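**Q** Handing you this structure, nothing more for now.
The values are calculated or read from the model by the stated rules, or taken from the named source; none is laboratory data. These numbers come from a predicted model, not from an experiment. Here the Cβ positions follow ideal geometry from the backbone for every residue, glycine too, while neighbour counts run over all protein chains shown. Only protein heavy atoms, including side chains, enter the accessible area calculation; ligands, DNA and RNA are left aside. Shrake-Rupley method; radii C 1.70, N 1.55, O 1.52, S 1.80 Å.
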Amino acid sequence: MNTGICKGLVLAVAVALSGCSDGAALGFLQDGLAPQSGTAAKPFTQVEMVQGDVTLVPPAGFCVDPASLTQTFAILARCDVLGGRDGALDAPLSVVTISFAKATTPDTISASVFGDNIEGGKVTATETLGGLSYLRVRAQAPSDGLSDVHWHAVDQLNGYDVAVALYAPDDSAALGTRGPRILQQLLNGSEGASVANDVATRTLRPKAKPKKLF
């Protein structure tokens, strides 16, 4: 599948999930076109989310679509599909969504509870990586051209519940075992960058001057 077709898939996912994006402007995705040189924001290779509490780091070969971005939602796709100059490496054609909500409990939602609450979907496989379960779900595809098989996972990052999902065309390698690894790389990379950012912020914060006793 060429990148021109994949641009349409990014559009399809964006439109289908736009209700989750807090009114994000879809920009060039509304026309299913790549951004024109010099007229559209370049895709991001790193971005601050939820008022800077989480640093979002895409998997290798992926970028963040700036038109989809809000404080709590983002769409990621291959950098070349989004018009970025960074190479796509060997990343398979796919679209990843990520959303955040302030955690109300210290525990991540269990895979079984999460799976039972996927509307209209049936869990067909589970893969565990690094202690986190990734669910392969069969449900209605967001649009023509996308498989009815998706990968989903839920986790916690720096005090936020985070839900990730991966959508791809039927012939994409992302629907196999590479799918969970793409999502794992997104979660692990973002967690590491967020922790490092927290440490740097605390280190650089000016220390309060000691009060004079006399």
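**Q** If LEU89 meets every condition in (1) at negative phi; (2) open to solvent by 10 Å² or more (accessible area, probe 1.4 Å); (3) modelled with pLDDT under 90 apart from one, which number is that one?
**A** Evaluating LEU89 over (1) at negative phi; (2) open to solvent by 10 Å² or more (accessible area, probe 1.4 Å); (3) modelled with pLDDT under 90 leaves (1) as the failure.
**Q** Working only within region 60-83, note down all residues that are under 24 Å from VAL199 (Cβ atoms) and either charged (D, E, K, R) or surrounded by 24 or more Cβ atoms within 10 Å (Cβ to Cβ) (or both).
**A** The one that is under 24 Å from VAL199 (Cβ atoms) and either charged (D, E, K, R) or surrounded by 24 or more Cβ atoms within 10 Å (Cβ to Cβ) (or both): VAL64.
**Q** Also, quick follow-up: I'd like the residue in region 131-140 that is surrounded by 10 or more Cβ atoms within 10 Å (Cβ to Cβ) and over 18 Å from the mean Cα position of the chain (by Cα) and, out of all such residues, is modelled with the highest pLDDT.
**A** Checking each candidate, the answer is ARG138.
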